[in-house]
Amino acid sequence: MEILKRPRRLRYNRTLREAVRETRISASSLIYPVFIKEGRGIKAEICSMPGQYHWSPDRLPELYDRLLETGVNKIIMFGIPSTKDEEGSGAYSGDGVIQQALRLTKQRYREAVYCVTDLCMCEYTSHGHCGILRGGDVDNDKTLESLARIALSQAAAGADMIAPSDMMDGRVRAIRLALDARDFQHIPIMAYSAKYASAFYGPFRSAADSAPATGDRKSYQMDYHNKKEARKEALADIEEGADIVMVKPALSYLDVIQTVSRLVDVPVAAYSVSGEYAMIKAAAAAGLIDEAAIVYETAVSVFRAGADILISYFAPELSSNR
Ligand code: PBG
């Protein structure tokens, strides 16, 4: 009997290989995180994240013009206020750093720059926790009232999408109800649903000056030994009204991204966090790896795992290289 001899792998040449790629990175799927610091005339490199900067609102146009040139038109904004208090009131102040930045961005760039706002209190509280403290613990329900208030203030200043990263129970519903009651029904919520208590946030906490003064975030962020919990959190957030669910960090959590993306019918975002960025930067600076190649390979792995959106400090590089 004659056996049809077929090579197990088709002999693709480069052109065909590109034609049949299963995963592609498109600039439209990337979101770039921006640290916005209260003040004027500031563009200051962040020590823990070489190549990333603190920007005061007035200097943001420099950043936007460069970003738009690379094809990236979505940002997620983190605020660094000049003063902090117990309640984190700077987060909902009409004249807060994020509100100032949003107004300026929307006046000058309108739809051209899509503004996602990170909604958390840890950058604004004197104790550095993500909510209102009672005793030594975060008071979940009291915090929900503040979160709703912050969301409204961000929406009123021009936010296009709200991304709660605090991990309080019931926050998506509280924010959704508050937005809907004030005619912000059109503003979507991207929930940090599976946010693990991770050492990969280290460089961010020094960048945002948001490390908790005492204790840690383990009571409200997830234990990385658990995966089923991510399914539960994602489903609960969708039930409460989340339009997009997020897994964070990305690189050590590809299995979680895959699990969640197979489970849910809404888009899944993955956040490649500060520690992932800093590791690549440090290894590249030491001449140990090819930075551009590693940046691209790791980003592809996140999309291959099932993410629809990638939040990355390398967004401009990813977008302009391919
Ligand atoms: C706020 C927040 C954090 C990050 C995003 N939003 C810090 C944290 O939870 O400690 C981390 C992002 C990064 O590491 O790049 N809660």
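The values are calculated or read from the model by the stated rules, or taken from the named source; none is laboratory data. For clarity, every value in this text was computed on a predicted model and none was experimentally measured. With ideal geometry, Cβ positions are generated from the backbone for all residues, glycine too; neighbour counts draw on all protein chains shown. For accessibility, only protein heavy atoms count, side chains too; no ligands or nucleic acids. Shrake-Rupley method; radii C 1.70, N 1.55, O 1.52, S 1.80 Å.
The table below gives the values:
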read-out: Test: residue in the stretch 243-265 that is closer than 25 Å to D137 by Cβ, more than 16 Å from the ligand (Cβ to nearest atom) and of a type outside the set (D, E); value: no
read-out: Candidates A178, A151, A156, filtered to the one that is outside any loop (DSSP other than H, G, I, E, B), of a type in the set (A, V, I, L, M, F, W, C) and open to solvent by 60 Å² or more (accessible area, probe 1.4 Å); value: A156
read-out: Any hit, the stretch 42-49, residues being closer than 23 Å to A299 by Cβ, in contact with a Leu (Cβ under 9 Å, 6 or more places away or on another chain) and open to solvent by 40 Å² or more (accessible area, probe 1.4 Å); value: no
read-out: Among residues of the stretch 68-101, those that are open to solvent by less than 50 Å² (accessible area, probe 1.4 Å) and hydroxyl-bearing (S, T, Y), counted; value: 4
read-out: Residues (open to solvent by less than 30 Å² (accessible area, probe 1.4 Å), at pLDDT 85 or above and either assigned to a loop (DSSP other than H, G, I, E, B) or among the acidic types (D, E) (or both)) located in the stretch 203-227; value: Q221
read-out: Boolean, R205 is within 16 Å of the ligand (Cβ to nearest atom) and not β-branched (V, I, T); value: yes
read-out: Candidate set from the stretch 266-293 (those that are more than 16 Å from the ligand (Cβ to nearest atom) and in contact (Cβ under 8 Å) with a residue 12 or more places away in the chain); member that is most open to solvent (accessible area, probe 1.4 Å); value: A285
read-out: Residue check for A230: more than 13 Å from the ligand (Cβ to nearest atom), part of a loop (DSSP other than H, G, I, E, B) and out of contact with any His (no Cβ under 7 Å at 6 or more places or on another chain); value: no
read-out: Per-region count, the stretch 82-118, residues closer than 25 Å to V273 by Cα and of a type in the set (D, E, K, R); value: 2
read-out: So V245, is it over 18 Å from C120 (Cα atoms), open to solvent by less than 50 Å² (accessible area, probe 1.4 Å) and among the β-branched types (V, I, T); value: no
read-out: Count of the stretch 130-145 residues which are within 14 Å of the ligand (Cβ to nearest atom) and either part of a helix (DSSP H, G or I) or open to solvent by 30 Å² or more (accessible area, probe 1.4 Å) (or both); value: 2
read-out: Positions within the stretch 102-129 being within 16 Å of the ligand (Cβ to nearest atom), of a type in the set (S, T, Y) and open to solvent by less than 10 Å² (accessible area, probe 1.4 Å), in sequence order; value: T117, T125
read-out: Hey, A269 of a type outside the set (S, T, Y) and not in a helix (DSSP H, G or I) or not; value: yes
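Condition check ((1) within 16 Å of the ligand (Cβ to nearest atom); (2) without any contact (Cβ under 8 Å) to a residue 12 or more places away in the chain) across all residues:
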residue	(1), (2)
A174	no, no
L177	no, no
R182	no, no
H186	no, yes
M190	yes, no
S193	yes, no
A197	yes, no
Y201	yes, no
A213	yes, no
